[in-house]
1. What residue, among those in region 423-440 that are out of contact with any Asp or Glu (no Cβ under 9 Å at 6 or more places or on another chain) and charged (D, E, K, R), is surrounded by the fewest Cβ atoms within 10 Å (Cβ to Cβ)?
2. Can you name the number of the only condition in (1) closer than 24 Å to Asp55 by Cβ; (2) in a loop (DSSP other than H, G, I, E, B) that Ser231 fails?
3. Looking at region 454-461, can you tell me whether even one residue there is among the charged types (D, E, K, R) and more than 12 Å from Asn279 (Cα to Cα)?
4. Check region 286-294 and report whether any residue there is assigned by TED's automatic domain parsing to the domain that holds Leu408, part of a strand (DSSP E or B), farther than 13 Å from Ser231 by Cβ and within 14 Å of the chain's Cα centre (by Cα).
5. What about Phe366, is it at negative phi, in a loop (DSSP other than H, G, I, E, B) and surrounded by 12 or more Cβ atoms within 10 Å (Cβ to Cβ)?
6. Given the options Ala153, Ala77, name the one that is among the aliphatic types (A, V, I, L, M) and buried (at least 23 other Cβ atoms within 10 Å of the Cβ).
7. For the condition closer than 28 Å to Pro2 by Cβ, out of contact with any strand residue (DSSP E or B) (no Cβ under 6 Å at 6 or more places or on another chain) and assigned by TED's automatic domain parsing to the domain that holds Met242, what is the one hit in Ala61, Ala66?
8. Out of Asn221, Asn171, Asn227, I need the residue that is under 20 Å from Asp92 (Cβ atoms), of a type outside the set (A, V, I, L, M, F, W, C), in contact with a Leu (Cβ under 6 Å, 6 or more places away or on another chain) and assigned by TED's automatic domain parsing to the domain that holds Ser31. Which one?
Amino acid sequence: MPTHYLSIDVGSTSVTALIIDIESKTVVDSSTVANNAETTSANDKKRGRSEWDLDRMTELAVDNAAKLIWRTKTDPAAIGITGQQQGLQLLDDDLKTVGSFISWQDQRSKDLIPGENRTYLDAMGELGGAVTEENGLPAFENTGCPVVTGYTAPNLYWLKANNELPTNIPNLHATTAPEFVVSRLTGTRPLTDPTDAVSWGVYDLTKMDWNYDLIKSLGLNKEIFSNQADSCTPAGKLTPAMAAKLGARLGIPVSVASGDHQCSFAGTVADYENTVAINIGTGGQASVYVENPTPRGWLELRPYIQSGYLLAGVGVVGGRTFRTLRDFFNNTSRAIAGYELDPDVLYEKLVELAAEVPAGAEGVVFDPLFTGSRSNPLAKAAVREITPGTFTPGHMARALFEAMAAQLAESYREAAKLGAGERSKLVGSGNGLKLNAVLRESLETELGMPLELGNNNEEAAIGAALCAAVADGSFKSIAAASSSFAG
């Protein structure tokens with residue numbers, strides 16, 4: 001029976017390859033390289049653009065995975081893929097890229113339409129009959145989320161509205177980064193599973209299918225949208241060329257890609273029904289699993305792998321929130337002393353200083369919403385109740401960590417209030433949490449539960465590897481795989 005499974009996680013900051021052994025229930029090894037495939041010009045960055053070379057990104061991913069296979073001398077039985085769930089890459093009929101990959105960080109759909117006092121998102125909402133939520137964002141019926149920048153459909157709409165969507169290319173179609181990598185490994189047209197489809201912004205959770213009436217109302221061609229497939233099923237077999245590059249066996253199955261949020265849950269949580277999962281990487285999520293659709297309030301309802309849903313507070317606070325505070329002190333050092341500090345050392349020092357401050361930060365209050373939130377997109381950050389004695393880096397850091405914990409806890413409380421029910425276990429993942437003892441302590445205080453950290457790093461990659469193990473029949477379901485590996 002095969003026991004080794006390879007996964008690739010295509011992230012915006014880095015690309016990771018990982019191999020698990022399902023018999024020993026261990027991570028054999030992993031390898032991470034910086035994602036240096038960004039092509040955005042300096043001027044375009046100022047305009048909120050984020051464009052990448054997805055062929056280059058895939059080359060990085062394959063080379064990194066090949067080195068890991070060679071180093072571990074393993075023989076993967078199947079390959080799983082995950083990564084950034086939003087974004088847009090156009091392909092022609094020969095699967096060649098058309099234009100750049102527009103990543104989830106791209107803000108162009110928030111641009112004002114020339115000559116009008118509304119954004120492209122506003123225009124989309126009006127055309128598709130969206131309801132404007134309390135947070136001011138448009139939300140289409142039964143999509144599980146508001147329409148936000150970086151999602152695939154808004155990027156398509158922007159290109160269409162600006163006459164940048166090619167009309168002379170036969171069988172033009174769209175994909176996201178994880179599906180593109182699967183396509184390159186198998187030589188097949190990209191497939192999208194429900195966990196990624198929801199992040200296009202026009203997926204109907206009641207039908208578990210594209211909302212073609214909505215797509216038509218937006219003036220988009222339904223042929224552009226990916227063919228769909230079930231999670232944890234083979235998208236195809238590894239091609240001879242890719243097998244040679246990877247040093248893997250020819251023809252092993254490559255699983256349909258699944259979203260990194262859902263894969264992180266699968267790689268961390270053994271008991272779906274009783275756990276609230278907190279993940280803090282660049283972003284942050286507080287998630288609970290529900291078997292059936294439930295009202296979502298200001299949260300997001302995302303299809304889970306194979307069945308069920310994750311009801312989650314997404315992107316309110318995360319690693320980038322802490323990074324903003326770190327950058328403030330680094331900018332201060334550069335402006336006053338003429339030099340910057342090592343960013344990693346500064347992270348560690350701020351956590352150390354925060355640990356020296358009593359819980360409650362001696363009254364200092366930090367509103368951490370630097371870029372707003374789903375419930376209040378216009379919110380701004382603030383620091384209040386400072387005295388001469390508490391105007392210190394340690395107090396600011398402590399107050400920020402406690403505020404981040406409060407925001408994540410509020411997401412869980414909202415989920416429970418909406419019908420998800422309370423949970424008895426708290427599981428954490430992500431380096432933003434594992435490297436921050438004060439944040440962990442603050443979460444335990446807020447939620448009144450001890451926090452259990454996952455045994456491994458790269459949880460999303462672990463989840464993707466488990467998807468591959470389900471796809472080739474080693475497990476009957478992703479829930480069984482999670483229970484076995486993470487339990």
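1. Filtering first and then ranking leaves Lys434.
2. (1)
3. Of the residues in region 454-461, the ones among the charged types (D, E, K, R) are 458-459.
Imposing the further condition that a residue be more than 12 Å from Asn279 (Cα to Cα) reduces the set to none.
Within region 454-461, none of the residues are among the charged types (D, E, K, R) and more than 12 Å from Asn279 (Cα to Cα).
4. Start the filter on region 286-294 by keeping residues that are assigned by TED's automatic domain parsing to the domain that holds Leu408, which leaves 286-294.
Okay, now just the ones that are also part of a strand (DSSP E or B), so 286-290.
Still in the running and farther than 13 Å from Ser231 by Cβ: 286-290.
Checking which are within 14 Å of the chain's Cα centre (by Cα) leaves us with 286-287.
Yes, region 286-294 contains a residue that is assigned by TED's automatic domain parsing to the domain that holds Leu408, part of a strand (DSSP E or B), farther than 13 Å from Ser231 by Cβ and within 14 Å of the chain's Cα centre (by Cα).
5. Values: at negative phi: yes; in a loop (DSSP other than H, G, I, E, B): no; surrounded by 12 or more Cβ atoms within 10 Å (Cβ to Cβ): yes.
Considered against the rule, which asks whether it is at negative phi, in a loop (DSSP other than H, G, I, E, B) and surrounded by 12 or more Cβ atoms within 10 Å (Cβ to Cβ), Phe366 comes out as no.
6. Details: Ala77 fails: buried (at least 23 other Cβ atoms within 10 Å of the Cβ).
None of the other options fit; the residue is Ala153.
7. Numbers: Ala61 fails: out of contact with any strand residue (DSSP E or B) (no Cβ under 6 Å at 6 or more places or on another chain).
Exactly one residue qualifies, and that residue is Ala66.
8. Working: Asn221 fails: in contact with a Leu (Cβ under 6 Å, 6 or more places away or on another chain); Asn171 fails: in contact with a Leu (Cβ under 6 Å, 6 or more places away or on another chain).
Of the residues listed, the single one that is under 20 Å from Asp92 (Cβ atoms), of a type outside the set (A, V, I, L, M, F, W, C), in contact with a Leu (Cβ under 6 Å, 6 or more places away or on another chain) and assigned by TED's automatic domain parsing to the domain that holds Ser31 is Asn227.
The values are calculated or read from the model by the stated rules, or taken from the named source; none is laboratory data. The model shown is predicted, which means the values in this text are computed figures rather than measured ones. No Cβ is skipped: glycine too gets one built from the backbone with ideal geometry, and neighbour counts run over all protein chains shown.
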